[in-house]
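Here is the structure we will look at, set down as structure tokens.
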Amino acid sequence: MSTTVLLLITGLGLGALYFLIAAGLSLIWGLMRVLNLAHGAFFTVAAYLGWSASLALSGTSPWVQWGVSVVVAVIAGGVFATLTEVVLIRPLYARPVGQVLVTVGVALAAVALIEGGYGGDPKQLTLPAWLTGTTAILGANIPNTRWVAIFAAALVLALLLFFLQRTRYGLIVRAGVENRSMVEALGIDVQRAFTLVFAIGGMAAGLSGVLAAAYYGTIDPVRGTSMLIFAFIVIVIGGLGSVAGSALAAVIVGVLQQFLNFYAAAGVGDFAVVLLLAVVLLVRPGGLTGATST
Amino acid sequence: MSERDVLLALRNVDVFIGESHILQGVSFDVRNGGITGLLGRNGVGKTTTLRGILGLAPRTGSVTLAGEELTRLSVHEVVQRGVGYVPEDRDVFAGLTVAENLRLAERKGSELRYDLIYELFPELKQRAAQKAGTLSGGQQQMVSLSRALLNADNRILLVDEPTKGLAPLVVRNVTEALRRAAEVATILLVEQNLSVAHALVRDVIVLDQGRVTFTGDVDELMNDPALARRHLGLAAAVGH
Ligand SMILES: Nc1ncnc2c1ncn2[C@@H]1O[C@H](COP(=O)(O)OP(=O)(O)OP(=O)(O)O)[C@@H](O)[C@H]1O
Ligand SMILES: [Mg+2]
């Protein structure tokens, strides 16, 4: 029982990290039809800059250090993503292959620069004692990092749904996911919504990066890449363009992965997720939700 | 027509889509006020002309609105100059509610226009919370027309086959709505239903295979069966 609970909450925590990456990816694809392979770089660069900020504050309270690293990571993710959109993606508007290549370039360059600047060894983020501890529930000692990831993802999900359902830009994004040129034909500058979606997606990915540092205990230059692969699987299963679909798929993928990696053998969970992707594509090509950005 | 009467002018507009030369040097004027008809057989380039005006289709040549060149502007900038669009397939946002579809089109001054559209289409008020994708074709057309009407800055509405596939009663409703819309904006209307076109339109432009083959008064065209048949095909004989 306690093992089941532990695996479930750990899986949910992993799903939370996936969701934070997937939400932005899914909206970017839905709105702009850009496969943003640079999204993992937002995750990684944000985590490292958060780590640097925390290091610069060493000696202060670990809560302050951690809090600042989270804020810095979120801002860094947002700024990096905005720059990527404005400087690299926008000029290649209407050249999809060029856009994909540019995002690959950003991804490779970011990893290389991080390795050059910080070295390839894993870095440890200073965490408050509470975060390294556990909370017992139903006999299982759950690492508190899991709770934090789950709480953060739930909060981001709620904020994103509020944004999409209740704001004018959210309305533009939902309409743009359906039919971008008709939004323009109503006199709306969709380009601005692109930039906004990139910024929001980058912030969420940055948050995922810094939370993953706590979840896994360390930061390294390549985790962003593997997280990105699972986030892609999540958005396809969830239905491209749908934030709610991404949330559901992230939970399924994270939990499935944890259980199978534990009960079958390490690696089986990862493989099963890919299998699940294939099954969903065969049975429901539009993903679990079709493609509406709700 | 004198230069001051001209609202929209096309000069030597070409549109290529892939290898196909779809519009071949199209030139015409749309007079300020009233409804101008853009007619022609299936596949001659009527929709492409409207899309070219907006910049939704890549075009060369000159398109001016009240003397201002539009071809260098992006689509949303063209629309912001006062060009409304009611596309052939309506293009309502299916996953959005009726109210949300309308809200997207709102601009300063839309409050008064809500009175107009709810007067023309009272159904839309009752169906405000309904997803536009679940509406009938006629109701979707009402949403699409309303979006163009809500923008009080629109000086010209490009309306593409608004009665296509609609039941006779709805055709009458839409026809009446267009007549009222023409009181607040100039309309360039693509219409295959020639009795509707004849009832609404004053000036006519006829396209054939990407070229303008006739411009003039609607009665001149419609009251001469041989001329109508030559320009509009068999439908002209049936529709009249
Ligand atoms: N995206 C496209 N790709 C290739 N050819 C196209 C495209 N759009 C239009 N065409 C071609 O351009 C020509 C003109 O099409 P257009 O839709 O403008 O005609 P239309 O007069 O509106 O016809 P209809 O009465 O059927 O609506 C047609 O031969 C059509 O096949
Ligand atoms: Mg057409």
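Structural remarks
- Hits in the range B:52-108 - residues which are surrounded by fewer than 19 Cβ atoms within 10 Å (Cβ to Cβ), of a type in the set (V, I, T) and under 24 Å from B:F16 (Cβ atoms): B:T60, B:T64, B:T71
- Which listed residue is crowded, with 24+ Cβ neighbours inside 10 Å, under 29 Å from A:Y93 (Cα atoms) and in contact (Cβ under 8 Å) with a residue 12 or more places away in the chain, from A:G40, A:G50: A:G40
- Qualifying residue in the range B:72-79 (condition: within 22 Å of B:Q141 (Cβ to Cβ), touching a strand residue (DSSP E or B) at 6+ places or on another chain (Cβ under 8 Å) and either within 16 Å of ligand 2 (Cβ to nearest atom) or in contact (Cβ under 8 Å) with a residue 12 or more places away in the chain (or both)): yes
Matching residues to (1) farther than 15 Å from B:A177 by Cα; (2) of a type in the set (S, T, N, Q):
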site	(1), (2)
B:G67	yes, no
B:V79	yes, no
B:V92	yes, no
B:L102	yes, no
B:E106	yes, no
B:R113	no, no
B:G133	yes, no
B:N151	yes, yes
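- The residues of the range A:112-143 that are part of a helix (DSSP H, G or I), in contact with a helix residue (DSSP H, G or I) (Cβ under 7 Å, 6 or more places away or on another chain) and among the β-branched types (V, I, T) amount to a single one, A:I114.
- Within the range B:51-69, the set of residues being touching a strand residue (DSSP E or B) at 6+ places or on another chain (Cβ under 7 Å) and assigned to a strand (DSSP E or B) comprises B:R59, B:T60, B:G61, B:S62, B:V63, B:T64, B:L65, B:E69.
- Which listed residue is free of Cβ contacts under 8 Å to residues at least 60 places away in the same chain, within 14 Å of another protein chain (Cβ to nearest Cβ), assigned to a helix (DSSP H, G or I) and of a type in the set (V, I, T), from A:V183, A:V173, A:V177: A:V183
- Of all residues in the range B:4-43, those satisfying the criterion of being more than 16 Å from the chain's Cα centre (by Cα), more than 9 Å from ligand 1 (Cβ to nearest atom) and hydrophobic (A, V, I, L, M, F, W, C) are B:V6, B:V13, B:F16, B:V26.
- Counting only residues that are away from ligand 1 (no atom under 16 Å from the Cβ) and either touching a Phe, Trp or Tyr at 6+ places or on another chain (Cβ under 8 Å) or of a type in the set (A, V, I, L, M) (or both), the range B:156-200 holds 17 of them.
- A:V210 fulfils the conditions (1) within 22 Å of B:A94 (Cα to Cα); (2) away from chain B (no Cβ under 14 Å) except for a single criterion, (1).
- B:P58, sole failed condition from (1) within 12 Å of ligand 1 (Cβ to nearest atom); (2) more than 14 Å from every other protein chain (Cβ to nearest Cβ); (3) not aliphatic (A, V, I, L, M): (2)
- Cβ-Cβ under 9 Å pairs, at least 6 apart or on other chains, the range A:205-223 side at positive phi, far side of a type in the set (V, I, T): A:G217/A:T132; A:G217/A:T145
- Any chance A:A94 is at positive phi, within 14 Å of chain B (Cβ to nearest Cβ) and either surrounded by fewer than 18 Cβ atoms within 10 Å (Cβ to Cβ) or not β-branched (V, I, T) (or both): yes
- For first residues located in the range A:140-168 and within 14 Å of chain B (Cβ to nearest Cβ), partners that are assigned to a helix (DSSP H, G or I) and lie 6+ apart or on another chain with Cβ distances below 7 Å form the pairs A:L164/A:G170; A:L164/A:V173; A:L164/A:R174; A:L164/A:V243.
- Residue match in the range B:135-148 (condition: surrounded by 17 or more Cβ atoms within 10 Å (Cβ to Cβ), within 12 Å of chain A (Cβ to nearest Cβ), modelled with pLDDT of 95 or more and touching a Lys or Arg at 6+ places or on another chain (Cβ under 7 Å)): yes
- Scanning the range B:130-161 for residues that are part of a loop (DSSP other than H, G, I, E, B) and farther than 23 Å from B:T48 by Cβ gives B:Q130, B:L135, B:S136, B:N151, B:A152, B:D153.
- Residue that is farthest from the other protein chains (Cβ to nearest Cβ) [pool: residues in the range B:77-126 that are in a loop (DSSP other than H, G, I, E, B) and of a type in the set (K, R)]: B:K108
- Cβ pairs under 9 Å, 6+ apart, first in the range B:29-46 and within 14 Å of chain A (Cβ to nearest Cβ), second more than 11 Å from ligand 2 (Cβ to nearest atom) and among the hydrophobic types (A, V, I, L, M, F, W, C): none
The values are calculated or read from the model by the stated rules, or taken from the named source; none is laboratory data. Every value quoted in this text rests on a predicted model; they were computed, and no experiment measured them. Don't worry about glycine lacking a Cβ; one is built from the backbone with ideal geometry, like all the others, and counts go over all protein chains shown.
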